[in-house]
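Asker: This is the structure, below, for whatever I ask next.
The values are calculated or read from the model by the stated rules, or taken from the named source; none is laboratory data. Remember, predicted model here, so these are calculated numbers, not experimental data. Cβ placement follows ideal geometry from the backbone for every residue including glycine, while neighbour counts extend to all protein chains displayed. Accessible surface areas use protein heavy atoms only, side chains included; no ligands, DNA or RNA. Shrake-Rupley method; radii C 1.70, N 1.55, O 1.52, S 1.80 Å.
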Amino acid sequence: MSGIDLDGQSIRKGAGDAVMAWIRQHGGTVPAELEHAIEQVSLQGGTPLAVARDDKALGVIHLKDIVKGGIRERFDS
């Protein structure tokens, strides 16, 4: 998890479980929608990054890992 503290606000992004724990540590409640969004991204084969500000969840970023052409050949040599 990484983030920034700026102008009295704390913003964090990272793995869903880490961000959910951070929200709870700061007195917030993790909405079921956040957990659902994280699960859906994972089920689609993506990497979910959760985002929060202070004790509130903001959303989930869906990272897609795209394998570039010719990558297999590079590892075979």
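Asker: Compute the angle between helix 32-43 and the longest alpha-carbon principal axis of the chain, please, reported from 0 to 90 degrees and rounded to the nearest 10.
Answerer: Here the helix axis deviates by roughly 10 degrees.
Asker: To continue, here is another question. Report the gain in length on full extension from residue 72 to residue 55: 0.36 nm times residue separation, minus Cα-Cα distance, nm rounded to one decimal. Kindly include the intermediate steps, with their values, before the conclusion.
Answerer: Working: separation 17, 0.36 × 17 = 6.12 nm, distance 4.32 nm.
Full extension of this stretch gives 1.8 nm more.
Asker: Ignoring ligands, DNA and RNA, what percent of the accessible area of the chain is carbon or sulfur (1.4 Å)? Numbers along the way, then the final one.
Answerer: Numbers: 2880 of 5560 Å².
Here it works out to 52 percent.
Asker: Calculate, in nm to one decimal, what residue 9 and residue 36 gain on full extension: separation in residues at 0.36 nm each, minus their alpha carbon distance. Each step should come with its number before you reach the end.
Answerer: On the way: separation 27, 0.36 × 27 = 9.72 nm, distance 2.56 nm.
Contour length minus the Cα-Cα distance gives 7.2 nm.
Asker: Rolling a 1.4 Å sphere over the protein heavy atoms, what is the accessible area per residue of the chain, to the nearest Å²? Can you show the working numbers first?
Answerer: Working: 5560 Å² over 77 residues.
Per-residue accessible area for the chain comes out at 72 Å².
Asker: Let me ask something else. Give me the dipole magnitude in Debye, nearest 20, for the chain about the Cα centre, with unit charges on the beta carbon: positive for Lys and Arg, negative for Asp and Glu. Walk me through the numbers on the way to the answer.
Answerer: Values: 9 positive and 11 negative charges, 44 e Å.
Result for the chain is approximately 220 debye, rounded to the nearest 20.
Asker: Gain in length, residue 29 to residue 43, computed as 0.36 nm per residue apart minus the alpha-carbon separation, to one decimal in nm?
Answerer: Working: separation 14, 0.36 × 14 = 5.04 nm, distance 2.38 nm.
The residue 29-residue 43 span can extend by a further 2.7 nm.
Asker: Then there's this: Angle check, please: helix 16-25 long axis (alpha carbons) against the longest principal axis of the chain (alpha carbons), in degrees 0 to 90, nearest 10.
Answerer: 10 degrees
Asker: What three numbers, in Å, describe the spread of the alpha carbons of the chain along their principal axes, ordered from the longest?
Answerer: Extents along the principal axes: 51, 27, 15 Å.
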